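One structure is given below, encoded as structure tokens.
The values are calculated or read from the model by the stated rules, or taken from the named source; none is laboratory data. It should be emphasised that the depicted structure is a prediction, and the values quoted were computed from it without experimental measurement. Glycine also receives a Cβ, built like all others from the backbone with ideal geometry; neighbour counts cover every protein chain displayed. Just so you know, the surface numbers come from the protein's heavy atoms only, side chains and all, with ligands and any DNA or RNA stripped out. Shrake-Rupley method; radii C 1.70, N 1.55, O 1.52, S 1.80 Å.
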Amino acid sequence: MMIEKRLLIELVADCDKRAPEEGCGLIANGKVIPCKNIHPSPRENFTIAAEDYAHVSEAEGEIECIYHSHTNDRDSFSPADIRACKQVNIPWLVYNVHSKNWKYADPRGDQPYVGREWLYGINDCYSLTRDFYRREFGIILDDFERGEDGEWSSDHWNMFGENYIGQGFVDIDEPSQKGDILLMKMETKWPNHFGIFKGEGIRIYHHFVNRRSMETSYGKYWRRYTAKVLRHRRLL
């Protein structure tokens, strides 16, 4: 979804006038609908009352987006924002009243494989893999909780290595069919990057940090970083 300029202007104005508290509201039926922030600590958090959701849904139809502002130095979504966005499965927009920057997130998993904007926890290499497996094979992989963007560069982070067996993957020697997974170590102790074999030639889908998701050849560069090649048991 592209946020229309007129809607963005309206929600920015709403959030700016409510600072230093976080503003919040809904977009439905092409309208910005400001809502009261009922959180007990409205300068650091926001909560929209359940009755506001119900009223807007009844009066305007499907809620298209939830928006709120940050009044600190965080320009993007917090880990708590990411968790809540995925839980309600509705697009969110966050706006920072100081920097005037904003971010939009769609957690529904129906975006194209190529061209997704990086947003750790919603649009990253593992979420691309989950969406691919659900849409191409009907296989549902668990969605592991993420922390702060960049945690995957720590020597203590091993989300992929600790969980791939439990998700139904087994080690193989070489990628050769659609859905084969490439676990890569990008200058880290443990694998911290996923690539998905497209199944047409030696092409892969992947989503590298702070870039848009892409399709590329699985050549010498990516082979150099590959630590494991995996295949799901249902695809053997």
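None of TYR113, TYR104 is in contact (Cβ under 8 Å) with a residue 12 or more places away in the chain, under 14 Å from the mean Cα position of the chain (by Cα) and over 25 Å from SER78 (Cβ atoms) except TYR113. Among the residues of region 133-147, those identified as assigned to a helix (DSSP H, G or I) and under 15 Å from ILE181 (Cβ atoms) are TYR133, ARG134, GLU136, PHE137.
Condition check: out of contact with any Cys (no Cβ under 6 Å at 6 or more places or on another chain), aromatic (Phe, Trp, Tyr) and buried (at least 19 other Cβ atoms within 10 Å of the Cβ). Does TYR225 satisfy that? No.
Cβ-Cβ distances below 7 Å connect the following pairs, each with a first residue in region 143-166 that is without any contact (Cβ under 8 Å) to a residue 40 or more places away in the chain, a second residue that is in a loop (DSSP other than H, G, I, E, B) and surrounded by fewer than 17 Cβ atoms within 10 Å (Cβ to Cβ), and a separation of six or more residues or different chains: ASP155/LYS189; MET159/PHE144; ASN163/PHE144. Within region 100-132, the set of residues being open to solvent by 50 Å² or more (accessible area, probe 1.4 Å), in a loop (DSSP other than H, G, I, E, B) and not charged (D, E, K, R) comprises ASN101, PRO112, VAL114. Kindly indicate whether LEU26 is under 22 Å from the mean Cα position of the chain (by Cα), of a type outside the set (Gly, Ala, Ser), farther than 21 Å from ARG83 by Cα and modelled with pLDDT of 95 or more. In short, no.
Each residue in region 168-189 was checked for being over 19 Å from TRP118 (Cα atoms) and free of Cβ contacts under 8 Å to residues at least 40 places away in the same chain, and 4 of them qualify. Of all residues in region 1-55, those being assigned to a helix (DSSP H, G or I), open to solvent by 70 Å² or more (accessible area, probe 1.4 Å) and among the acidic types (Asp, Glu) number 2.
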